[in-house]
Protein chains: 2
Amino acid sequence: MKPPIELINYIKNNDNFALVIHVNPDGDALGSMLALGEGLKAIGKVLKMYSRDGVPHYSRFLPNSDIIIQGLPLEDSSTNLILIDCNAPKRAGINGDGFIKKLVIDHHLTEEDFGDIKWVDPSAAASGILIYHIIKALEVDITQNIATNLYTAISVDTGTFRYQNTKADTLSIASELVSCGASPSFVAEHLYNKWSLARFNLLIKFLNSVEIYDDIAITCLTREMIEQTGAGPHDTEDIVNFSGMLETVKTSVFLKEADKDFWRGSIRSTKVNVADVAAKFGGGGHKNAAGFKANSEISVLKKQLLGYLRES
Amino acid sequence: MKPPIELINYIKNNDNFALVIHVNPDGDALGSMLALGEGLKAIGKVLKMYSRDGVPHYSRFLPNSDIIIQGLPLEDSSTNLILIDCNAPKRAGINGDGFIKKLVIDHHLTEEDFGDIKWVDPSAAASGILIYHIIKALEVDITQNIATNLYTAISVDTGTFRYQNTKADTLSIASELVSCGASPSFVAEHLYNKWSLARFNLLIKFLNSVEIYDDIAITCLTREMIEQTGAGPHDTEDIVNFSGMLETVKTSVFLKEADKDFWRGSIRSTKVNVADVAAKFGGGGHKNAAGFKANSEISVLKKQLLGYLRES
């Protein structure tokens, strides 16, 4: 896997960059941006890193995450945009038109027509893998901080090497990052073992809500259930994976009530292309993991989802 | 990491082997034995593989696991013993005295005085790592089956690269095994996503039973609770890790009622040497993961455990 030469050359030959990631950033977006930012600074670039939604508290263990600006860059003709872990400006909350040049680095399946120089490769397990190759191509040393940020990015998007996107090179890159100072147990502790009691109680409610339809599990948390536990807005993150533990379940859907009859859905599957199913609701994502929003009465929504999933 | 030359030479120069693993075998014991067995057969050795307790149904995805004999070998002067993933014959249910020579390959902390040629290295994340090096030293090709068995062995004992024992070489070996045909998602699916509904319901009961004492979580399942779910004897395996998800928890204890006032305990910790604590009850294990049995009234046992853990 090699970054496009024009991407590397453009970075080498220019100085001012604004790095931007998608809204509701996950560990792949944040870790990738932080690693690239540190790498570019090491070769003298001037840059700032932006996240419209800041850094969620559970991602603040990422080295240097405190320097990420919560907000969006001025789109002016003195700065180049590097859009990371998404490929459409609206996913990052920006307009995207005002920059000198627009660079895009992403691994998501659905690709939009945006950017002057792009590296969008859905075969990469994580944007962190692409950033790793960019850092190598720029001949920047992998510091312990870069290693930890990239190791986290890759861990988040591979379920720490459990998903189908984990290949031999994913693990060999991870091995190199550990040699450079990343600690697998430190990262795993922060990703998986930092549950608040509120989130823990939310998990119990989630598990109790499981409904099984052949190989599909549907779970559902209402606003009231979430409020009862005192859980915060990020506490439902990735909780959908827990119903996938069931032997008979190939597809897991989690519906979270965001407002009256307004639901945020997460789908995970080892069988169905869930990006396609999410797209029917105007959502998107990866083949095995996608999300959507729907304005609907819950029983109607469940029926609709079951229909789409069964015909996929 | 290199196997002792006398171990490699003895294997090369002798023909008949009985491979034996510990009772209640886990994926490291089974995968290690199966990989070594296939490797030795590839260089013409005559051998049989034994497990006193057979192969639990959730480990039957391991390639060739159906050729493991449920039982113990005849201890006679025509066979060499290779004891794997334990270093005391009683851990395997054997006497151990009747064999020509006794070879021991293990990575557990507590080492006993048994065996003619030994490779006991607690710095290895899994016995699978030791077997990998033995197979390399014997210059045997790593087939897809060997790769899957070793990848599983290493996954089980590192929590798929999440525990402190995961090092750069653990990941580079894993990468090589994937190149040889091991599938990370196939193995992870079998290790983590094959829960029966009964086990799933047991997990909910387990989570509901959590009691927190500072950074210690104690959970407890009675025979009645287990029976209510219809869960089987292996369904409590590794369930203890779930209370470790809590941010404030450094040490997790799980007590399972085996008989009236007779408890099997599992301890996991990122802080305390739990092998020492388990040893106070006549148990043992690793620094971060250990087990014991205790004949006691539950409230007395909890107090005793809390005392030991707090003074550790």
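The values are calculated or read from the model by the stated rules, or taken from the named source; none is laboratory data. Keep in mind the model is a prediction, meaning the values are calculated, not measured. FYI the Cβ positions are ideal-geometry reconstructions off the backbone, even for glycines, and counts take in every protein chain you see.
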Q: Return the pairs, sorted by first residue and then second, in which the second residue is assigned to a loop (DSSP other than H, G, I, E, B) and among the β-branched types (V, I, T), the first residue lies in the stretch A:12-24 and is closer than 16 Å to A:I134 by Cα, the beta carbons are less than 7 Å apart, and the residues are 6+ apart or on different chains.
A: A:F17/A:T79
Q) Can A:G244 be described as in contact with a helix residue (DSSP H, G or I) (Cβ under 6 Å, 6 or more places away or on another chain) and either surrounded by fewer than 21 Cβ atoms within 10 Å (Cβ to Cβ) or not aliphatic (A, V, I, L, M) (or both)? A) no
Q | For B:V187: the one exception among (1) in contact with a Cys (Cβ under 6 Å, 6 or more places away or on another chain); (2) within 12 Å of chain A (Cβ to nearest Cβ) | A | (1)
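To keep it simple, each residue is scored yes or no on (1) buried (at least 20 other Cβ atoms within 10 Å of the Cβ); (2) closer than 22 Å to B:G291 by Cα; (3) under 19 Å from the mean Cα position of the chain (by Cα); (4) of a type in the set (A, V, I, L, M, F, W, C).
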| position | (1), (2), (3), (4) |
| --- | --- |
| B:P122 | no, yes, yes, no |
| B:G128 | yes, yes, yes, no |
| B:N165 | yes, yes, yes, no |
| B:D169 | no, no, no, no |
| B:S183 | no, no, no, no |
Q. Quick check, is A:V253 crowded, with 19+ Cβ neighbours inside 10 Å, in a strand (DSSP E or B) and of a type in the set (A, V, I, L, M)?
A. yes
Q. Which pairs have Cβ atoms under 8 Å, sit 6 or more apart or on different chains, and link a residue in the stretch B:122-148 that is more than 19 Å from B:N87 (Cβ to Cβ) to one that is among the acidic types (D, E) and assigned to a helix (DSSP H, G or I)?
A. B:I142/B:E176; B:T143/B:E38; B:N145/B:E38; B:I146/B:E38
(Q) Just checking, does the stretch A:100-118 include any residue being at pLDDT 95 or above, over 26 Å from A:G283 (Cα atoms) and out of contact with any helix residue (DSSP H, G or I) (no Cβ under 8 Å at 6 or more places or on another chain)? (A) yes
Q) Of the residues A:D113, A:D85, which is surrounded by fewer than 20 Cβ atoms within 10 Å (Cβ to Cβ) and of a type in the set (D, E, K, R)? A) A:D113
Q: Inspect the stretch A:260-279 for any residue being assigned to a strand (DSSP E or B) and surrounded by fewer than 20 Cβ atoms within 10 Å (Cβ to Cβ) and give the result as yes or no.
A: yes
Q.
Just to be sure I understand, how many residues within the stretch A:241-260 are in contact (Cβ under 8 Å) with a residue 12 or more places away in the chain and within 13 Å of chain B (Cβ to nearest Cβ)?
A. 10
**Q.** Subset of the stretch B:25-48 [in contact with a Lys or Arg (Cβ under 9 Å, 6 or more places away or on another chain) and surrounded by fewer than 22 Cβ atoms within 10 Å (Cβ to Cβ)]
**A.** B:I43, B:L47
Q) Which residue out of A:N288, A:N208, A:N201 is within 14 Å of another protein chain (Cβ to nearest Cβ), touching a Gly at 6+ places or on another chain (Cβ under 9 Å) and at pLDDT below 95? A) A:N201
Q) Does B:D235 meet the test of being over 26 Å from B:K271 (Cα atoms), within 13 Å of another protein chain (Cβ to nearest Cβ) and touching a residue at least 24 places away in the same chain (Cβ under 8 Å)? A) yes
(Q) Cβ-Cβ distance below 6 Å, separation of 6 or more or different chains: which pairs start in the stretch A:178-191 with a residue that is among the hydroxyl-bearing types (S, T, Y) and end on one that is at pLDDT below 95 and surrounded by fewer than 19 Cβ atoms within 10 Å (Cβ to Cβ)? (A) A:S185/B:Q164
**Q.** Among (1) touching a Gly at 6+ places or on another chain (Cβ under 9 Å); (2) more than 13 Å from every other protein chain (Cβ to nearest Cβ); (3) hydrophobic (A, V, I, L, M, F, W, C); (4) without any contact (Cβ under 8 Å) to a residue 40 or more places away in the chain, the one test that A:L221 misses
**A.** (1)
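Here is a yes/no grid of residues against (1) closer than 19 Å to B:G98 by Cβ; (2) among the aliphatic types (A, V, I, L, M):
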site	(1), (2)
B:D15	yes, no
B:L19	yes, yes
B:A29	no, yes
B:G39	no, no
B:G54	no, no
B:S59	no, no
Q: Return the only residue of A:E227, A:E247 being within 20 Å of A:A198 (Cβ to Cβ), over 22 Å from the mean Cα position of the chain (by Cα), at pLDDT below 95 and not aliphatic (A, V, I, L, M).
A: A:E227
Q.
For the stretch A:68-88, check the following and say yes or no: at least one residue is over 28 Å from A:A174 (Cβ atoms), without any contact (Cβ under 8 Å) to a residue 40 or more places away in the chain, within 15 Å of the chain's Cα centre (by Cα) and not in a strand (DSSP E or B).
A. yes
Q) On the given criteria, is B:I100 out of contact with any Leu (no Cβ under 7 Å at 6 or more places or on another chain), surrounded by fewer than 19 Cβ atoms within 10 Å (Cβ to Cβ), closer than 26 Å to B:A188 by Cα and in the same structural domain as B:K167 (by TED's automatic domain parsing)? A) no
Q: Report those helices (runs of 4 or more DSSP H) wholly inside the stretch B:96-180 carrying at least 3 residues which are at negative phi and within 14 Å of chain A (Cβ to nearest Cβ).
A: B:144-158, B:168-179
**Q.** Yes/no for A:T166 being in the same structural domain as A:P63 (by TED's automatic domain parsing) and either within 29 Å of B:S269 (Cβ to Cβ) or aromatic (F, W, Y) (or both)
**A.** yes
